[in-house]
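Structure, as structure tokens:
The values are calculated or read from the model by the stated rules, or taken from the named source; none is laboratory data. The structure displayed is predicted, hence computed values, not measured ones. Cβ placement follows ideal geometry from the backbone for every residue including glycine, while neighbour counts extend to all protein chains displayed. Side chains included, ligands, DNA and RNA excluded: accessible areas come from the protein's heavy atoms. Shrake-Rupley method; radii C 1.70, N 1.55, O 1.52, S 1.80 Å.
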Amino acid sequence: MLTITTQSKKIISLDNPKSDQIDINDIAHALSHLCRFGGHSTEFYSVAQHSLYCAQVALLKKLSQNEVRWALLHDATEAYLVDVPRDVKAMLKDYKPLEQKFSDVIAEKFGLSKEMPASVKTIDNEMLLTEAKYFGYDIDSWELSQYYKPLDIIFEPTSRMKQMRNAFLILDLSLIDNWDEISKSLKASTKELV
């Protein structure tokens, strides 16, 4: 059996992951230690911070609880399979089915819809372009920029891993425990923020 051991010492089966093996603390910890862009950003920028930005954008767009939680957890598979750049993923024939197995188990664990909502995929792509532009990539040459645009947001990467881990956990807990209050507050605001 192929496995990995998480920071909480859980042994995760790679070929047959189970929802009881998935832990939000392991996800937050691992994502806060993984650098986006395969480590090729001009400064450390974690997958956890990217996920937090995605969830914040989803909140600003007044999306549903399912969509906001998906935005936060859309890269949770990377806690177990690492952050592989998109073009590399496309070359690894066994990666996508493995990623889908983990995505299904994570969705089950956290009560999310089985499929990631299209709205979250859009936010993920918009954030990718926002981040890439900040880091000085020529996004105009990217095929993705034909379909999506960078967001007009304040973007500030941080290398504080513990801060990102804790923020990730706090937001996840808030989305579960305080969704009614968050939702009412968002509905009460009349200005479109994003």
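Quick check on segment 162-171. Is at least one of its residues part of a helix (DSSP H, G or I), surrounded by 18 or more Cβ atoms within 10 Å (Cβ to Cβ) and basic (Lys, Arg)?
yes
For every residue, the table says whether it meets (1) more than 12 Å from the chain's Cα centre (by Cα); (2) free of Cβ contacts under 8 Å to residues at least 12 places away in the same chain; (3) closer than 21 Å to residue 151 by Cα; (4) assigned to a strand (DSSP E or B).
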residue: 12; (1), (2), (3), (4): yes, no, no, yes
residue: 32; (1), (2), (3), (4): no, no, no, no
residue: 38; (1), (2), (3), (4): yes, no, no, no
residue: 48; (1), (2), (3), (4): no, no, yes, no
residue: 54; (1), (2), (3), (4): no, no, yes, no
residue: 58; (1), (2), (3), (4): no, no, yes, no
residue: 84; (1), (2), (3), (4): yes, no, no, no
residue: 96; (1), (2), (3), (4): yes, yes, no, no
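What number of residues within segment 19-52 are of a type in the set (Ser, Thr, Tyr), more than 21 Å from residue 104 (Cα to Cα) and open to solvent by less than 30 Å² (accessible area, probe 1.4 Å)?
4
If I filter segment 129-144 down to residues being open to solvent by 20 Å² or more (accessible area, probe 1.4 Å) and among the hydrophobic types (A, V, I, L, M, F, W, C), which single residue comes out as nearest to residue 56 (Cα to Cα)?
Out of the qualifying residues, it is 144.
Just give me the residues in segment 85-120 being surrounded by fewer than 16 Cβ atoms within 10 Å (Cβ to Cβ), within 22 Å of residue 33 (Cα to Cα) and touching a Phe, Trp or Tyr at 6+ places or on another chain (Cβ under 8 Å), in sequence order.
Once the filter is applied, which keeps residues that are surrounded by fewer than 16 Cβ atoms within 10 Å (Cβ to Cβ), within 22 Å of residue 33 (Cα to Cα) and touching a Phe, Trp or Tyr at 6+ places or on another chain (Cβ under 8 Å), segment 85-120 yields 85, 89.
Could you check segment 82-105 and list, in sequence order, the residues that are at pLDDT 95 or above and either of a type in the set (A, V, I, L, M, F, W, C) or touching a strand residue (DSSP E or B) at 6+ places or on another chain (Cβ under 6 Å) (or both)?
Within segment 82-105, 102, 105 qualify.
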